[in-house]
């Protein structure tokens, strides 16, 4: 059994889904694990990780729009607004999605489906630098 880890920095420009599948695949290619499990964990409470359709960009735009309707930014609805009107809504959106992902590694590759890709889902309006920890374990 062997393990390896790294931390990716993903820069965002505000709300939206930011693909990073290729970055993870490139890192994984250099690791000594052929078969095992990859865990991804975002170290923030106002963004999340998702596996989503990676071919049609309308999918990510529709998801962003859906979350705007599902959790609208109305300051009057929330007590926690310390960092602005998108503060609490970002925490709620993060809770509704995921902060970690687990992906099987088979023959040195992520076992993603044909159309699946990895995305950081930024829930804040302003640009941020997000940290995503990757850890692979296996043989």
Taking only Cα atoms, what is the 0 to 90° angle, nearest 10, from helix 57-70's long axis to the longest principal axis of the chain? 40
Given the peptides 127-133, 35-41, arrange them by the average over their residues of other C-beta atoms within 10 Å, most packed first. 35-41, 127-133
Using only Cα atoms and rounding to the nearest 10 degrees, what angle (0 to 90) does helix 87-96 make with the longest principal axis of the chain? 40
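If each DSSP helix of 4+ residues adds -39,500 (n - 2.57) and the sum is divided by the residues in the chain, what number results at 222 nm, nearest 500 deg cm²/dmol?
Numbers: 3 runs with 33 residues, N = 139.
Calculated from helices alone, the mean residue ellipticity at 222 nm is -7000 deg cm²/dmol.
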Would you work out if the range 24-82 is rounded, prolate or oblate? Take a ≥ b ≥ c from the square roots of the eigenvalues of the alpha-carbon gyration tensor; rounded if a/c is under 1.5, else prolate when a/b is larger than b/c, oblate otherwise. oblate
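Only the coordinates and a few stated rules stand behind these numbers; no lab work does. It should be emphasised that the depicted structure is a prediction, and the values quoted were computed from it without experimental measurement. Note that we place each Cβ from the backbone using ideal geometry, even for glycine, and neighbour counts take in every protein chain shown.
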